[in-house]
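The values are calculated or read from the model by the stated rules, or taken from the named source; none is laboratory data. In this text, all values refer to a predicted model and were calculated from it rather than measured experimentally. Cβ sites come from the backbone with ideal geometry, for glycine too, and all protein chains shown count toward neighbours.
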Amino acid sequence: MEPITSIDRYEPDHAHRCEVCGGTPVVSGVKDGKTVYVATMCGPCLWNEPRAIDPGTWNEGSGG
């Protein structure tokens with residue numbers, strides 16, 4: 001089992017498409033300036049939140 005990685009912030013990855021709806025961008029997680037996580041889903045599909053279509057909302061309230 002892989003260790004749990006903490007993420008500093010979420011950023012858009014326009015190079016991949018969502019496996020659920022085909023939309024872009026998908027969500028990537030960044031830690032210490034390096035991408036440590038790339039989701040296979042866009043914001044709305046990953047978080048089940050329609051307003052997550054805007055990557056600017058992905059880090060609200062996280063301090064990131």
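Descriptive notes on the structure:
- Filter pass, G61 being more than 10 Å from the chain's Cα centre (by Cα), under 13 Å from E11 (Cβ atoms) and loosely packed, with under 12 Cβ neighbours inside 10 Å: no
- Residue within the range 20-36 that is at pLDDT below 95, touching a strand residue (DSSP E or B) at 6+ places or on another chain (Cβ under 6 Å), surrounded by fewer than 13 Cβ atoms within 10 Å (Cβ to Cβ) and not in a loop (DSSP other than H, G, I, E, B) present: yes
- Subset of the range 9-19 [surrounded by 13 or more Cβ atoms within 10 Å (Cβ to Cβ) and farther than 17 Å from G61 by Cα]: P12, D13, H16, R17, C18
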